[in-house]
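All remarks here apply to the structure that follows.
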Amino acid sequence: MSPSRSVRDRSPPLDEVDQVDETQPLLASSKPKVTPLPKTQLALLFFIRATDPICYNVIFPFINQMLLDVGGVDDPTVVGYRAGLVESLFSLAQLLTIFHWGALSDRIGRKPVLLLGCIGSSLSSLVFGFSNSFVMIVIARCLNGAMNGNIAVLKCALAEITDSTNQARAVSLFPICLNGGIIIASFLGGQLANTRGTALAGMFPIFETFPYLLPMLLASLFPMISGLCALFFLKETLSTKIRKVDEEDVVEDEGVVRRKDVDGPTKASSSELVTKHIGLLIFTFAVQSFVGISMNALLPLFCFTPIESGGLGMDSESIGYVISQRSVTVLLLQVFGFPWLAKKLGLVRLHRWAMVLWVATFAIMPIINLAARSGPNWLVWSELYAFMVIGALAGVCSVCNLLMTNNAAPRPELLGTLNGFSQMTSSVVGVVGPGSANSLFAVSIEKHLLGGHLIWVVFGGVAAIGAAAAYLIEDEKEPGEEQ
């Protein structure tokens, strides 16, 4: 068939051209079709994400007893200070390294850095299990924090395998990984620790010598297995590394060396990240991380404190119920509610409203205490459930910030560096947040400042500053818009 014949065959008859409905739009709808999520790659990233909370949270059920047994602590009243120091050093080590992991992933690719993070988490967990002194405990925890750069790199990889039509849905699934990891960690640390004197220790003397090895050994398997899965099945997502591989294939096929293309684009400079928009995003992320981490520390303390001192006077069972119900509320809202809210309101507006709700979250705490002083029990629990819902809605600001931060990267080569900066702020507040919050709560109660409620006024004010900054963020890109 001749070329001209092919062209004529592809051309519509004249009578069909005349019958074109001029009332129909010439262009298709501007609304882009939702891209299917890359399920295999997404599952691998989520598996790696779940290993971080496993290795981080597995020690919480037994760390106090471990410090009494092998940590050189004789007085139970000072165990809390030692345990707090261990966690602060973890956050400090992460703070000093998280940015460098993100920047390294911009140079050598996401996959190699994720593999290194899995190896580091696995080894540091084993070292912790073999610890027989406070110094070894500190070293192991610092190693875990220093090697824990996967969260920043995972954010980059997630942004690179999704687009504006499906990224919000993918990010909203992250809480499943986090909460699933916490559940697994709580079981390992709570049920399998302190094997000294058990039948297992009789069969394997190593568990008699190191009574906290078993939960750490099992926890170390998760990053090890996820790393092996990533090694064989995870694809590189960094665009410059993908282009380089493709160009090498072309060189082999054509026998031509194109040095400029193989070397990739001009090296990106981190100075491109110094903009007002990015600065506001990082600042608001720091504020929401600070108030969020602080609330996680304050909630059990508030529930435990006697009613007359400003708390709720709950027992441990009731406190556990409140915390678990709060986690379920956050999980359900972020998985099922966030995609709809983001589509309906847009990221920027949802981010602003969520930051304002952080102010309401702190404002409702003294109201709950007031109900506990004089109101019926059903009123207290009604207000607690209101707190859970408001707090869950406020928590979506972190997902909004993640998506807006990914959109704000001036070029793909700087995505890891930008997320490293952002995650570094979370590590900073992880060092100072819980300690400062608990100390201010104690001072408020002890000195009866503002009726013992000074803590809520101060943190509500911090949240208000973050909300004001959120209203300065310009509406640049929204989900559903073409990139």
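Show me, bin by bin at 10 Å from 0, the whole-percent P(r) of region 271-483 based on Cα pairs.
Cα pair-distance distribution for region 271-483, in percent: 8, 33, 34, 18, 7, 1.
Fewest Cβ neighbours within 10 Å first, please rank R411, R349 accordingly.
R411, R349
Which whole-number percent gives the relative contact order of region 271-483, counting Cα pairs below 8 Å spaced six or more residues apart?
Relative contact order of region 271-483: 38 percent.
Answer rounded, prolate or oblate for region 389-439, using the Cα gyration tensor with square roots of eigenvalues a ≥ b ≥ c: rounded when a/c is under 1.5, else prolate when a/b is larger than b/c, else oblate. Mind showing how you got there, number by number?
Values: a/c = 5.55, a/b = 1.48, b/c = 3.74.
Because a/c hits 1.5 or more and a/b fails to exceed b/c, region 389-439 counts as oblate.
Show me the three semi-axes of the equivalent ellipsoid for region 38-235, from the C-alpha gyration tensor (sqrt of 5 times each eigenvalue), largest first, rounded to whole Å.
Computed over region 38-235, the values are 32, 18, 15 Å.
At 0.36 nm per residue, minus the direct Cα-Cα distance, what do R373 and I465 gain on full extension? Give it in nm, one decimal, please.
30.0 nm
If you stretched the chain out fully between F304 and A360, how much longer would it get, using 0.36 nm times the residue separation minus the C-alpha to C-alpha distance?
18.0 nm
Give the distance, in whole Å, between the Cα centre of region 320-393 and the Cα centre of region 143-192.
Here the two parts' Cα centres lie 22 Å apart.
With the cut-off at 28 Å, tell me which of the pairs K111/K344; K155/K276; K39/K276; K235/K344; K155/K344 have Cα atoms farther apart than that.
Among K111/K344; K155/K276; K39/K276; K235/K344; K155/K344, the Cα-Cα distance tops 28 Å for K111/K344; K39/K276; K235/K344.
All of the numbers you see were taken from the coordinates with simple rules; none came from a lab. A quick note: this is a predicted structure, and the numbers were derived from the prediction, not measured. Virtual Cβ from ideal backbone geometry, glycine too; neighbours counted across all protein chains shown.
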